[in-house]
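Engineer: If you scroll down you'll find the structure; I have some questions about it.
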Amino acid sequence: MANKNLSAAKAAKKDEFYTQYEDIERELQHYWQHFRGKTVLCNCDDPYESNFFKYFASRFNQLGLKKLICTCYNGSSIQGTQLSLFPEMNPEEPKRIAHKLVITEVKDMNGDGAVDMTDVEILIRNDKNVLTQLQTGDFRSQECIELLREADIVVTNPPFSLFREYVAQLVGYDKKFLIIGNVNAITYKEIFPLIREDKIWIGPSIRSGDRKFSVPDNYPLNAAGCGIDTNGNRYIRVKGVRWFTNLDHNKRHEFIDLVCRYSPEEYPRYDNYDAINVDKTSDIPCNYPGVMGVPITFLDKYNPEQFEIIGMTENNIALSQYWLKGFPKYDRPYINGERKYPRILIRNKHPQQL
């Protein structure tokens, strides 16, 4: 167990990515109604540097928050290097040490008639009870689990390498959440059942393309799209990023406008699943009542009032009644012997007549 935890910790530091403020702002605008009177926990975020902390602290009163809790873990390699919220503190003292930052009130500390991050900085410098040290700051530790118990909503960017374990903890403690993950997490056997059961869905602000994340100074910038911004901060671009949440938003209830109609020539059947193939979400036929295999990016526009999710190919989520012939169970779908990409199996709840 010790070796397993050590390996997980090493892996987590390799994907220590810090979310851009504008990406947080674009997504959070869809959820303001959920936050009034709530305690928000950002438990994978250096409170010195996190843009999640900056967002919620600066909007503490606008959102009507009850409390904001932000934590980081020992060895956070970006700590004290990015946002510089605490220039008057000894830079050697807090660096790489796990801390907890708790805010219950933000006032106009400098008397300029506005409440913003300047007031938050003054609050932190002058109230010793706001910032305290943790033992490890690991979200799996007992001290952080107690903070999780206290929280109403968790908003953060957990390490992608620990995504399964992180989500399992949130679900186990029945917490509302909004977190960032890789789109391929949809296919995980621990995650897809939650999506199929309508316990997790995709946020509306990221549909395609890559996203820029800040990274520690020792992170290699070998891939295309990596670089250093005008402030000297290192960043990488990560493809296939999505927001995962169980907070409702209006976009989730928008119906897809289906304009295509079914024909056997345009929608071939799989050799090994009792379903037709649909290559693009926009190509879903409006009049087909049976099971269809669609790309995993279908979930970007999935409306549970319009479609039913049956299962998924290529893992143990796919339902056995849709397996045919002599192919391995839960394999990728085949058409005329040619292997296709993984597909989500869906059915239209309101098909037009053929």
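The values are calculated or read from the model by the stated rules, or taken from the named source; none is laboratory data. This structure is a prediction, so every number in the text was calculated from the model and none was measured. For neighbour counting, all protein chains shown are included, and Cβ atoms are generated from backbone atoms with ideal geometry for every residue, glycine included. With ligands, DNA and RNA removed, areas are computed over all heavy atoms of the protein, side chains included. Shrake-Rupley method; radii C 1.70, N 1.55, O 1.52, S 1.80 Å.
Engineer: Search the range 256-281 for residues that are open to solvent by 100 Å² or more (accessible area, probe 1.4 Å) and pair each with any residue that is at pLDDT below 95 and β-branched (Val, Ile, Thr) when their beta-carbon atoms are under 9 Å apart and the residues are at least 6 apart or on different chains.
Structural biologist: Arg269/Ile335; Lys280/Thr297
Engineer: Checking the structure you have, find out if any residue of the range 344-353 is open to solvent by less than 10 Å² (accessible area, probe 1.4 Å), part of a loop (DSSP other than H, G, I, E, B), closer than 26 Å to Ile202 by Cα and modelled with pLDDT of 90 or more.
Structural biologist: no
Engineer: Within the range 169-182, which residues are open to solvent by less than 60 Å² (accessible area, probe 1.4 Å) and out of contact with any Ser or Thr (no Cβ under 7 Å at 6 or more places or on another chain)?
Structural biologist: Going through the range 169-182, the residues open to solvent by less than 60 Å² (accessible area, probe 1.4 Å) turn out to be 169-170, 175, 177-182.
Gln169, Leu170, Lys175, Gly181, Asn182 - these are the residues of the range 169-182 that are open to solvent by less than 60 Å² (accessible area, probe 1.4 Å) and out of contact with any Ser or Thr (no Cβ under 7 Å at 6 or more places or on another chain).
Engineer: Quick check on my filter: what residues within the range 93-132 are β-branched (Val, Ile, Thr) and open to solvent by 80 Å² or more (accessible area, probe 1.4 Å)? Step through it out loud before you land on a result.
Structural biologist: Applying the first criterion (β-branched (Val, Ile, Thr)) to the range 93-132 yields 97, 102-104, 106, 115, 118, 120, 122, 124, 130, 132.
Residue satisfying the conditions is Thr104 alone.
Engineer: What's the number of the condition Ile179 fails, among (1) at pLDDT 95 or above; (2) within 16 Å of Lys67 (Cβ to Cβ); (3) assigned to a strand (DSSP E or B)?
Structural biologist: Here Ile179 clears every test but (2).
Engineer: When residues of the range 152-174 are filtered for being in contact (Cβ under 8 Å) with a residue 12 or more places away in the chain and more than 22 Å from Asp23 (Cβ to Cβ), how many remain?
Structural biologist: Our first condition is that a residue be in contact (Cβ under 8 Å) with a residue 12 or more places away in the chain; within the range 152-174, this holds for 152-171, 173.
Retained after the next criterion (residues that are more than 22 Å from Asp23 (Cβ to Cβ)): 152, 164-165, 168-169, 171, 173.
Of the residues in that region, 7 qualify.
Engineer: Quick check, is Leu41 assigned to a loop (DSSP other than H, G, I, E, B), under 25 Å from Lys251 (Cα atoms), aliphatic (A, V, I, L, M) and at pLDDT 50 or above? Walk me through it before giving the result.
Structural biologist: Values: assigned to a loop (DSSP other than H, G, I, E, B): no; under 25 Å from Lys251 (Cα atoms): yes; aliphatic (A, V, I, L, M): yes; at pLDDT 50 or above: yes.
Spelling it out, it is not the case that Leu41 is assigned to a loop (DSSP other than H, G, I, E, B), under 25 Å from Lys251 (Cα atoms), aliphatic (A, V, I, L, M) and at pLDDT 50 or above.
Engineer: For the list (1) over 20 Å from Ala98 (Cβ atoms); (2) free of Cβ contacts under 8 Å to residues at least 60 places away in the same chain, I need the number of the one condition that Asn182 fails.
Structural biologist: (2)
Engineer: For the structure I just gave you, tell me whether Ile24 is modelled with pLDDT under 85 and either on the phi > 0 side of the Ramachandran plot or buried (at least 21 other Cβ atoms within 10 Å of the Cβ) (or both).
Structural biologist: Working: modelled with pLDDT under 85: no; either on the phi > 0 side of the Ramachandran plot or buried (at least 21 other Cβ atoms within 10 Å of the Cβ) (or both): yes.
So Ile24 fails the test.
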